[in-house]
Structures are given as structure tokens and as C-alpha cells.
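Undergrad: Structure below; questions to follow.
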Amino acid sequence: MSLTCQVQVILNNLSKEKIETVKKALEPDNVNFPEGLSLNVENIDNKLVFNFESRENMKKLIGTVDEVLEHVQLALKVIE
């Protein structure tokens with residue numbers, strides 16, 4: 001049996017500048033993403049939407065979500 005888990009995180013009320021800065025800050029993290037995990041980042045209106053998916057290890061998924069959100073928080077602090 002194969003288990004797939006999806007997590008969506010939405011950051012609301014961001015300026016276009018903040019959205020672009022965060023997306024650029026995360027680009028290096030999307031290279032060599034762990035096998036079985038995927039991340040899609042979308043800009044919808046004034047929202048930044050993160051769609052995570054794991055087909056294997058849920059602990060890796062939780063750790064990845066945590067790490068990405070830490071990087072987002074850091075990027076937002078830098079541009080404040």
C-alpha cells in the first residue's frame with residue numbers, strides 16, 4: 001500500500017515584491033529535492049501558496065515543511 005500526503009501552506013496579504021523575493025530565496029532549495037517529496041510554489045493574487053507532497057516518509061515531509069517555512073521567515077525578515 002502506498003501512502004500519499006499533501007500539505008498546503010498559504011501566506012496571505014503579501015506584496016508582489018515580497019512574493020518574488022521569497023520565491024527567489026527558495027529556488028536553491030528546490031534543486032536535488034529529496035526523493036518522494038515535491039514542492040510547488042504558486043503566486044495567486046496576493047498569496048503565496050506552497051503545495052508539498054510526499055509519497056514515502058511523513059517525517060521527511062514534516063521536516064521539509066519546517067525547513068521551507070524557516071527560510072520563508074528569514075527571507076521576509078531580511079526585506080522588512
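The values are calculated or read from the model by the stated rules, or taken from the named source; none is laboratory data. None of the values given here were measured: they were computed from a predicted structure. Please note: Cβ atoms are built from the backbone with ideal geometry, for glycine as well, and neighbour counts cover all protein chains shown. With ligands, DNA and RNA removed, areas are computed over all heavy atoms of the protein, side chains included. Shrake-Rupley method; radii C 1.70, N 1.55, O 1.52, S 1.80 Å.
Undergrad: Pull up the range 1-47, narrow it to residues that are outside any strand (DSSP E or B), of a type in the set (Ser, Thr, Tyr) and at pLDDT 85 or above, then point me to the one that is nearest to Ile62 (Cα to Cα). Break it down stepwise before answering.
TA: Start the filter on the range 1-47 by keeping residues that are outside any strand (DSSP E or B), which leaves 1-4, 12-36, 45-46.
When the remaining residues are screened for being of a type in the set (Ser, Thr, Tyr), the result is 2, 4, 15, 21.
Subsequent filtering for residues that are at pLDDT 85 or above retains 4, 15, 21.
Working: Thr4: 13, Ser15: 27, Thr21: 24 Å.
The residue in question is Thr4.
Undergrad: I want to confirm something. Restricting to the range 10-34 and keeping residues that are open to solvent by 30 Å² or more (accessible area, probe 1.4 Å) and of a type in the set (A, V, I, L, M), which single residue is nearest to Ile79 (Cα to Cα)? Show your work before the answer.
TA: Of all residues in the range 10-34, those open to solvent by 30 Å² or more (accessible area, probe 1.4 Å) come to 10-13, 15-18, 20-21, 23-25, 27-34.
The next check asks that each one be of a type in the set (A, V, I, L, M); those that pass are 10-11, 25, 31.
Details: Ile10: 19, Leu11: 16, Ala25: 11, Val31: 24 Å.
Result: Ala25.
Undergrad: Let me ask you something else. Go through the residues of the range 35-52 one by one and say whether even a single one is surrounded by 11 or more Cβ atoms within 10 Å (Cβ to Cβ), out of contact with any Phe, Trp or Tyr (no Cβ under 6 Å at 6 or more places or on another chain) and β-branched (Val, Ile, Thr).
TA: Just the residues of the range 35-52 that are surrounded by 11 or more Cβ atoms within 10 Å (Cβ to Cβ), to begin with: 36-43, 46-52.
Then keep just the ones that are out of contact with any Phe, Trp or Tyr (no Cβ under 6 Å at 6 or more places or on another chain); that gives 36-38, 40, 42-43, 46-52.
Restricting the remaining residues to those that are β-branched (Val, Ile, Thr) gives 49.
Scanning the range 35-52 turns up at least one residue that is surrounded by 11 or more Cβ atoms within 10 Å (Cβ to Cβ), out of contact with any Phe, Trp or Tyr (no Cβ under 6 Å at 6 or more places or on another chain) and β-branched (Val, Ile, Thr).
Undergrad: Any residue that is of a type in the set (Gly, Ala, Ser) and in contact with a helix residue (DSSP H, G or I) (Cβ under 9 Å, 6 or more places away or on another chain) - is there at least one of those in the range 38-51? Spell out how you get there, then give the answer.
TA: Going residue by residue through the range 38-51, those that are of a type in the set (Gly, Ala, Ser) are 38.
From what is left, the residues that are in contact with a helix residue (DSSP H, G or I) (Cβ under 9 Å, 6 or more places away or on another chain) are none.
No, there is no match, as no residue in the range 38-51 is of a type in the set (Gly, Ala, Ser) and in contact with a helix residue (DSSP H, G or I) (Cβ under 9 Å, 6 or more places away or on another chain).
Undergrad: Could you grab me the full set of residues in the range 53-80 that are open to solvent by less than 90 Å² (accessible area, probe 1.4 Å) and free of Cβ contacts under 8 Å to residues at least 40 places away in the same chain?
TA: Asn57, Gly63, Thr64, Asp66
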